[in-house]
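Peer 1: Below: one structure in structure tokens.
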Amino acid sequence: MGTFCTVLAGCSANRIRYDVPVVPLPERYTRAPTEPEVIKSASDERSMGSPSLPLNGALAEWWTLLESAELNGLIARALTSNPDLRIAALRAAQSHARLAQANADEAPALSLPYQVKTFKPANGVGTVNPNEKNISQNTYQLSVQGSWRADIWGERAAMYDSAEFQLLRALFQKDDVQRNLVVNIVNSYTELLALNERLRVSNASEVVMRDMLTSVEMRMEKGDATIIELDQQKAAVHTVKATIPLLEQQRVVVLNRLASLAGTVPGELKLSDNGLDSIKFPTVIPGVPSALLLRRPDVRMTEARLLAANADINVARTRLLPPLDLSAEVGYGSFYLSKMIQPYSFIGSLAANLSATIFDHGKRSKDVAFAEAVREELVEAYVKVIYDAVREVDDALSAIRLMSRRLESQQMAVEASRRAWQSSITSYQALAVDYLVVLDTERSHQRSLDDWYSARLDKYKGMISLFGALGGGVPMTGELPGGGTRPAGLPKEADFGMVVKVAIDLKIAPPKDQEKHFYTPRQNISPESEKAGSSSGSSPPEKVTAEGLEWSEDEFWMVEIAGLHDRAGLTSVWQDLRARFSAQMGNQTLLPRRQEQGDNSKAWYRLLIAKFPTAKVADDLCMTLRSGSFNCRVVSSRSLKHLIAGSDPSGLQADRSVSAGGET
């Protein structure tokens with residue numbers, strides 16, 4: 001009866017289902033634009049007539065909708081070189097190693113001990129008589145030992161579940177770093193464009209005011225102006241002139257911030273002086289709020305942490321029960337090394353150990369209480385992160401709506417103040433108004449113009465925040481593995497949202513049969529190709545069936561790019577290399593070498609640029625790449641050939657290599 005109760009307790013300790021609480025969400029965003037508002041907004045913008053896209057398909061690379069080749073290249077560089085993103089990828093690789101360790105614990109452990117022991121006295125302590133000689137005795141033993149803990153209560157299964165969810169948490173954390181990185185880059189880049197506009201306006205205003213100063217000086221010579229009016233105009237000129245260094249300093253700060261986000265040093269990043277008209281923001285209808293449960297990586301990260309906490313409770317509960325340890329040993333042992341491998345020297349043992357702790361002052365039961373408290377905390381964190389996500393979307397929608405109204409009024413204010421300034425100048429020249437009127441309208445126009453740029457920037461930042469709040473910048477994921485209640489995928493008829501007036505989608509989907517070991521690089525899209533209606537800026541490369549490189553007996557050399565990259569990151573690396581080192585990359589091939597494989601995790605790759613006839617040529621390229629903030633090293637084909645021959649678990653031969661002209 002006692003044994004039956006123990007088994008029953010063990011079965012009840014291990015829960016197969018790991019549930020996630022259902023968080024009630026509204027059916028729609030109250031401040032989301034309606035379809036008539038979207039149509040009106042589209043009719044007022046520059047690129048009327050562009051097609052609309054489903055929001056799910058546009059969010060992963062939403063920055064391409066802004067139709068800025070410079071911004072596309074900047075983000076590709078950041079996704080390749082940003083230190084925070086690299087650190088997050090390496091942390092995910094660490095979690096993958098922990099998962100492999102948890103899986104290895106399922107199998108028995110084998111060891112091959114070889115022992116040489118010396119005993120003195122030979123027959124044991126106290127066996128030597130006073131008149132006898134104390135001699136020693138050697139023993140030799142060679143055996144194979146095996147040990148295994150039977151997972152009768154599900155402890156190791158729960159530990160594996162916890163490690164798997166921790167891996168998913170690390171992957172979602174890396175995605176969240178990427179999501180925020182893209183938002184920060186686009187925000188900073190838009191701020192840079194606004195500063196470029198304000199610098200141009202300040203320079204133009206200085207020219208106009210200097211012309212006005214010349215006019216006042218001429219009138220003063222004729223006796224039509226006073227010294228007070230002259231000094232007032234000089235003060236106005238120098239006031240505008242004083243704003244130019246301030247704007248230039250702000251521009252340097254933004255450039256340095258962009259350089260840091262792109263993973264390089266200040267001064268190395270060179271960007272154009274384009275204005276806000278060089279980017280085109282689309283109009284977004286966000287769809288149902290429940291889509292955030294699958295779109296937002298921070299929500300998925302907290303969900304994975306909660307599921308790992310559920311598994312940790314199982315681990316703590318199973319440790320209350322007696323473990324069953326099995327061990328076996330077979331081998332040979334003898335007093336003489338020459339006679340050790342003999343049939344009569346064979347030794348063997350088999351043991352089963354089931355030990356139950358009677359009293360430990362409640363230590364292990366408190367482990368259960370601690371694990372349950374951690375889970376309760378994460379339940380609250382899960383609810384909070386969902387509500388924060390909905391709030392961020394609503395805040396962004398509110399900012400877009402209200403800033404649009406502000407921008408419309410501010411634009412009319414700018415036009416009115418400009419007309420007033422021009423009229424006051426004309427009236428002053430005709431001696432119809434006092435000079436104070438000219439100065440007042442002049443200052444009013446400058447304030448209105450500055451407020452207009454501020455309102456325009458605030459509206460754009462609201463749009464950027466909306467893309468980030470919706471989970472843009474990373475692909476949307478599905479339901480997490482395992483049994484239990486999870487945020488399920490939305491039905492086909494659900495309102496996923498839409499984007500109006502979008503740029504052409506640059507992503508080329510890989511063939512279905514090659515999805516595991518193949519990727520297609522994004523192509524840079526040029527303004528000319530966009531006007532022509534091209535989807536990628538060039539024709540899609542022809543897909544060739546040859547895989548990997550031809551590994552001949554002759555040695556050749558390759559350049560390995562430091563760091564780990566997921567499949568989406570390979571595209572950014574190759575795009576960045578071809579953009580910044582086009583002369584060196586013209587005839588080279590990018591060869592991804594898979595590091596880890598698994599159904600429930602991303603594949604990680606190390607990147608090789610191949611192939612070079614001598615180490616000197618490869619080292620020259622590596623030195624060039626280091627000047628562009630790429631860490632790299634030169635490797636020989638002979639050092640990697642054994643990893644590629646046959647069915648290599650690293651997957652190097654299985655992955656398609658990518659050359660400058662397409663796939664090889």
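Peer 1: Between LEU490 and VAL207, what FRET efficiency comes out of the Förster formula 1/(1 + (r/R0)^6) with R0 = 56 Å and r the beta carbon distance, rounded to 0.05? Please list the in-between numbers first.
Peer 2: On the way: r = 57 Å, r/R0 = 1.01.
The formula returns an efficiency of 0.50 here.
Peer 1: A further question follows. Here is the link list: LYS384/LYS459; LYS117/LYS339; LYS174/LYS366; LYS280/LYS459; LYS120/LYS339. Which ones come out longer than 24 Å on Cα distance?
Peer 2: Violating the 24 Å Cα-Cα cut-off are LYS384/LYS459; LYS174/LYS366.
Peer 1: Between ALA242 and ARG28, what length in nm is gained on full extension when 0.36 nm per residue of separation is reduced by their alpha carbon distance?
Peer 2: Extending this stretch completely gives an extra 72.2 nm.
Peer 1: Once R0 is set to 60 Å, what does the formula 1/(1 + (r/R0)^6) return for the Cβ-Cβ distance between SER423 and SER52, expressed as a FRET efficiency to the nearest 0.05?
Peer 2: Step by step, r from the Cβ atoms, then E = 0.85.
Peer 1: Enter the Cα centre distance for the pair the range 234-270 and the range 49-115, rounded to the nearest angstrom.
Peer 2: Each part's Cα centre sits 33 Å from the other's.
Peer 1: Moving on. Check which residues have an amide H placed less than 5 Å from LYS611's amide H, if you skip close sequence neighbours.
Peer 2: HN-HN under 5 Å from LYS611: THR589.
Peer 1: Tell me which of LEU168, PRO121, VAL183 sits at the most positive position along the dipole axis of the range 101-201, charges placed on C-beta atoms (Lys, Arg +1; Asp, Glu -1).
Peer 2: Ranked along the dipole, the leading option is PRO121.
Peer 1: LYS222 to ASP277: FRET efficiency via 1/(1 + (r/R0)^6), r the Cβ-Cβ distance, R0 25 Å, to the nearest 0.05?
Peer 2: The formula returns an efficiency of 0.05 here.
Peer 1: Under a crude label model (7 Å from the Cα following the beta-carbon direction), how far is LEU230 from LYS270 in nanometres?
Peer 2: Each label point lies 7 Å from its Cα, and together they span 4.6 nm.
Peer 1: Whole-Hz Karplus ³J(HN,Hα) for the range 103-114, in order, using 6.51 cos²θ - 1.76 cosθ + 1.60 and θ = phi - 60°, x for Gly and Pro?
Peer 2: In residue order, the calculated couplings are 6, 5, 5, 5, 8, x, 9, 10, 9, 10, x, 10 Hz.
Peer 1: Which of the GluC sites (Glu not before Pro) across the range 109-191 are loop residues per DSSP, with 10 or fewer other Cβ within 10 Å?
Peer 2: GLU132
Peer 1: I need the phi-derived Karplus couplings for the range 404-417: 6.51 cos²θ - 1.76 cosθ + 1.60, θ = phi - 60°, integer Hz, Gly and Pro marked x.
Peer 2: Here the 3J(HN,Hα) series is 5, 5, 5, 5, 4, 5, 5, 5, 5, 5, 4, 5, 5, 5 Hz.
Peer 1: Using the basic label-point model (7 angstrom from Cα toward the beta carbon), what is the SER147 to ASP388 distance in nanometres?
Peer 2: With each label placed 7 Å out from Cα toward Cβ, I get 4.4 nm.
Readers should treat all values here as calculations from the given coordinates under stated rules, not as data from a laboratory. On a predicted model such as this, the values are computed, not experimentally measured, just so you know. Ideal geometry is used to build each Cβ from the backbone, glycine not excepted, and the neighbour counts take in all protein chains shown.
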